[in-house]
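Accompanying notes for the structure given below.
The values are calculated or read from the model by the stated rules, or taken from the named source; none is laboratory data. All figures in this text were calculated on a predicted structure; none of them were measured in a lab. Here Cβ is always computed from backbone atoms with ideal geometry, including for glycine, and neighbour counts include all displayed protein chains. Please note that ligands, DNA and RNA were not included when accessible areas were found on the heavy atoms of the full protein model with its side chains. Shrake-Rupley method; radii C 1.70, N 1.55, O 1.52, S 1.80 Å.
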There are 2 protein chains.
Amino acid sequence: MAKLAREQLVEFSSECSLPAALEVVGERWAFLILRSAFLGMRHFEDFQSTLGIARNILADRLARFVERGIMERRPVPDDRRRVEYRLTEKGWALTPTLVALRQWGERWETGTTAQPVLVDVADGLPVREVTVQSHDGRVLGKGDMRWAVEGSAEDGGAPAKAGA
Amino acid sequence: MAKLAREQLVEFSSECSLPAALEVVGERWAFLILRSAFLGMRHFEDFQSTLGIARNILADRLARFVERGIMERRPVPDDRRRVEYRLTEKGWALTPTLVALRQWGERWETGTTAQPVLVDVADGLPVREVTVQSHDGRVLGKGDMRWAVEGSAEDGGAPAKAGA
DNA sequence: GCCGGTAAGTATCATATTGCAACTCAACCT
DNA sequence: AGGTTGAGTTGCAATATGATACTTACCGGC
């Protein structure tokens, strides 16, 4: 990726949506709680006992998730002690992020593929590695992409319309 | 995604590589520092001034990144006060995660596409949305994937061996 | 309609992490 | 020499996290 001028970096820093995302999922435990939710967990006690997280922290995180629209909190009609936390569409939309992070950990940290594995329901085969791809689906490596500003065609390429 | 038995969830929790990944990039500031590095920043003062992070924390994060193999620290020969921090291959491998997170923030938090945008150097067009895909490249949505254990086919497949 | 137990939290206090500002210290610049 | 820059430390205040204990509402059996 080509270097940018320093002013552009500063600008990027201030208006990028990464900080916004991190405000929601950047705290300790956030991804781990989400992972449990992705796997089907829904109740306070389940999150608590499997993760070993302190109860007050868990309560705080769940409340924040609900507040930020990542999870929905709803009482269970059958048993009025129980409450269900379930992912909203916004929450499910974090799947690629979570999978990418896990795959990175497998490749570069643990070195092993852990169970269970995420597979395609259609054929039971494991999902692909999550990658950054061009508009037409080519997998892009480190040298194949660059940061571009607005409609500036930089090296003569087509005007970059909003998208990344 | 289909639900898993509770035992499987617990097992997953303990051996999944997500915690391993989070140990490296799960702290506050980690992704923001990485973002700056992806954009081409290399020096302590640049990270510090653009991010506004406390100097001691920055020093700590950079040292940890180096320790974990995400960045490489090397003195600049021309000016022996200066030090360069640059991403290793392992660090660059976090690109999909970072891009996925940023895209999520754009879609669900800020609602706008921020500058600069990541584009394909070949044609200058913005990269695709990062998605989870099947082995043959179909984009998989929430209902199109499930967690499966070992080489077990569909439901009731081979006995799920624990461990690994 | 009491009793032991479960579910989802709060409250309290100890420990860790972060943030801020000032300081060091070698190296460069003039 | 004297001032400045780059890359950090140091010391202390402000937050966040963690470990228990406690509370409240509810269930199911008797």
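If we count every other residue with Cβ under 12 angstrom of B:Gln133's Cβ, Lys/Arg +1 and Asp/Glu -1, where does the sum land?
Here the charged neighbours net out to -2.
Using a 1.4 Å probe on protein heavy atoms only, how many Å² of accessible area do A and B hide from each other, summed over both chains and rounded to 100?
Summing both sides, the interface buries roughly 9100 Å².
As an exercise, use a Förster radius of 30 Å and the Cβ-Cβ distance of A:Asp136 and A:Thr112 to find the FRET efficiency, rounded to the nearest 0.05. All intermediate terms of the calculation are to be shown ahead of the outcome.
Working: r = 33 Å, r/R0 = 1.11.
Taking R0 as 30 Å, the efficiency between A:Asp136 and A:Thr112 is 0.35.
Go through the range B:68-128 and name the trypsin sites (Lys or Arg not before Pro) that are in a DSSP coil and have 15 or fewer other Cβ atoms within 10 Å of their Cβ. Walk me through the intermediate numbers first.
Details: sites: B:Arg68, B:Arg73, B:Arg80, B:Arg81, B:Arg82, B:Arg86, B:Lys90, B:Arg102, B:Arg107, B:Arg128; in loops: B:Arg68, B:Arg80, B:Arg81, B:Arg82, B:Arg128.
Of the trypsin sites (Lys or Arg not before Pro), the ones in loops of the range B:68-128 whose Cβ has at most 15 other Cβ atoms within 10 Å are B:Arg80, B:Arg81, B:Arg82.
What does the structure give for A:46-56 when I average, per residue, the other chain Cβ atoms found within 10 Å of the residue Cβ? Write down the numbers at each step before the final one.
Details: counts 3, 0, 0, 3, 7, 3, 2, 0, 0, 0, 0.
Per-residue shielding by partner chains comes out at 2.
Quick one: label points 7 angstrom along Cα→Cβ at B:Ala54, distances to the other copies in nm, smallest first?
In ascending order, 1.8 nm.
Would you please give the FRET efficiency between B:Asp123 and A:Asp60, computed as 1/(1 + (r/R0)^6) with r the Cβ-Cβ distance and R0 = 56 Å, to the nearest 0.05? Let's see the in-between values first.
On the way: r = 46 Å, r/R0 = 0.82.
Using R0 = 56 Å, I get an efficiency of 0.75.
Under 9 Å from the Cβ of A:Ala21, count the other residues' Cβ atoms, weight Lys and Arg +1, Asp and Glu -1, and hand me the total.
Net local charge, A:Ala21 excluded: -2.
Using a 1.4 Å probe on the protein heavy atoms, what percent of the accessible area of the range A:67-129 belongs to carbon and sulfur?
Details: 1460 of 3290 Å².
The computed percentage sits at 44.
Show B:Trp147, A:Trp92 ordered by accessible area, largest first, where the area counts protein heavy atoms only and the probe is 1.4 Å.
Greatest to least solvent exposure: A:Trp92, B:Trp147.
Give me the distance in nm between label points sitting 7 Å out from Cα along the Cα-to-Cβ direction at B:Ser49 and B:Arg81, one decimal.
With each label placed 7 Å out from Cα toward Cβ, I get 1.2 nm.
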